[in-house]
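Below is one structure, written out as structure tokens, with a few remarks after it.
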Amino acid sequence: NLLISQLLRTPGVQIAALCDDYDPHLQAGLARVKGAKGFANYRQMLDMPGLDGVVIATPLYLHAPMCLDAFSAGKHVFCEKSLAYTIEECQAVADAYRGSKQVFQIGHQRLFSPLILRALELVRNGEIGQITQIRAYWHRHGNWRNPVPDPSLERRLNWRLYRAYSCGLMTELASHHIQVANWFLGAHPVSCAGYGSINYWKDGRELYDNVNVVYRYADGTHVIYDSLTSNRLYGEEIQIMGPGGTIEACSGKIYSETPP
């Protein structure tokens, strides 16, 4: 619904078709976009004449095959994060894109956030000096479950809870903050260590309801990330730290560090 709302407000964009293999969702979307064609099979939609590009907003395990098929069909692609389910799939999508003439973007929201862009400007202007550590967290309070009208639809509608379809908190939430960390540091981590467990929502899910990870970069900088779904007091934040101060990017705050 959010994506449809944004596209309907975007100048020069016409939503020509919608695709969803779960009919109640498809019908709800078609009710909002008059004149759009509906499809249950995305490959049939890709064969539709006059279609310029696609927005992929599906469970993670479908990102790679859909991107590859869209490139083959000559379509531009905007795909929600994360790029794909496995490293091998990410590489396959990247290779296919490089061999195409299409526009391709992964939908990391913070690339467009005024607060994040302002924080990046402050860092590049030397306001806090060298980044020596980044702390990031994203905490929520909820079980991530969708109501299921029939037990046969459990995995289909609650895909974020099962390993076959998702990597849980790390791909659904942490990927946003790791993208920002890599962007601000101008590098990628060389190693990581972490823990995860199911310590609260013991309801048959397979993916962790809390995670704690430390990423190490080549220059010795660490990015510390944690996320849980049983407490939201501290919500989300990205704290960029240096000898000159701390920037809390999500709230737009900066704190000066007084030298000893």
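The values are calculated or read from the model by the stated rules, or taken from the named source; none is laboratory data. Just so it is clear, the model here is predicted, and its values are computed rather than measured. Note that we place each Cβ from the backbone using ideal geometry, even for glycine, and neighbour counts take in every protein chain shown. Please note that ligands, DNA and RNA were not included when accessible areas were found on the heavy atoms of the full protein model with its side chains. Shrake-Rupley method; radii C 1.70, N 1.55, O 1.52, S 1.80 Å.
Probe of 1.4 angstrom, ligands and nucleic acids ignored: what's the accessible area per residue over segment 30-117, in square angstrom? Please list the in-between numbers first.
Numbers: 4900 Å² over 88 residues.
Accessible area per residue, segment 30-117: 56 Å².
Please give me the summed charge of the neighbours of Val103: other residues whose Cβ is under 11 Å from its Cβ, Lys and Arg +1, Asp and Glu -1.
Numbers: positive: Lys75, Lys101; negative: Asp52.
Summing Lys/Arg as +1 and Asp/Glu as -1 gives +1.
Beta carbons within 10 angstrom, averaged per residue: use that to sort the peptides 189-198, 103-112, highest first.
Working: 189-198: 12.8, 103-112: 15.0.
So the peptides 189-198, 103-112, ranked by packing, come out 103-112, 189-198.
If I stretch the segment between Ser191 and Asp150 completely, what's the gain in nm (0.36 nm per residue apart, minus their alpha carbon distance), one decimal? Let's see the in-between values first.
Values: separation 41, 0.36 × 41 = 14.76 nm, distance 4.24 nm.
Gain on extension, Ser191 to Asp150, equals 10.5 nm.
For mean projected area of the Cα convex hull in nm², which listed value, (i) 12.5; (ii) 22.5; (iii) 16.4, comes from the coordinates shown?
(iii)
Pairs Lys34/Lys253; Lys75/Lys253; Lys37/Lys81; Lys75/Lys202: which exceed 32 Å Cα-Cα?
Working: Lys34/Lys253 43 Å; Lys75/Lys253 41 Å; Lys37/Lys81 25 Å; Lys75/Lys202 42 Å.
Beyond 32 Å between Cα atoms: Lys34/Lys253; Lys75/Lys253; Lys75/Lys202.
Based on alpha-carbon centroids, what's the gap between segment 165-235 and segment 36-62 in Å, whole number please?
31 Å
Suppose a student asked you for the relative contact order of segment 108-241, using Cα pairs under 8 Å spaced at least 6 residues apart; what percent would you report? Intermediate results must be reported in sequence, preceding the final value.
Working: 210 pairs, mean separation 49.5, N = 134.
Dividing the mean separation by the residue count of segment 108-241 yields 37 percent.
Considering only Ala96, Ala17, Ala31, give the residue with the highest GNM mean-square fluctuation for the chain, with springs between Cα atoms whenever their separation is below 10 Å.
Ala31
If you plug each phi of segment 148-153 into the Karplus form 6.51 cos²θ - 1.76 cosθ + 1.60 with θ = phi - 60°, what whole-Hz ³J(HN,Hα) values come out, in order, with x for Gly and Pro?
Result, ordered by residue: 10, x, 8, x, 5, 9 Hz.
Suppose accessible area is computed on protein heavy atoms with a 1.4 Å probe; arrange His25, His63 from highest to lowest. Don't jump to the answer; show the numbers that get you there.
Working: His25 100, His63 0 Å².
From most accessible down to least: His25, His63.
FRET efficiency for Ser100 and Met48, Cβ-Cβ distance as r, R0 = 30 Å, nearest 0.05? Don't skip to the end; give the middle numbers.
Working: r = 19 Å, r/R0 = 0.63.
The pair Ser100/Met48 has a calculated efficiency of 0.95.
Within a Cβ distance under 13 Å of Met66, other residues only, what is the Lys/Arg minus Asp/Glu net charge?
Values: positive: Arg43, Lys75; negative: Asp20, Asp21, Asp69, Glu80, Glu89.
Around Met66, the surrounding residues sum to -3.
How high is the relative contact order of segment 148-213? Use alpha-carbon pairs under 8 Å, at least six apart in sequence, and give a whole percent.
Values: 56 pairs, mean separation 20.8, N = 66.
With pairs under 8 Å counted, the relative contact order is 32 percent.
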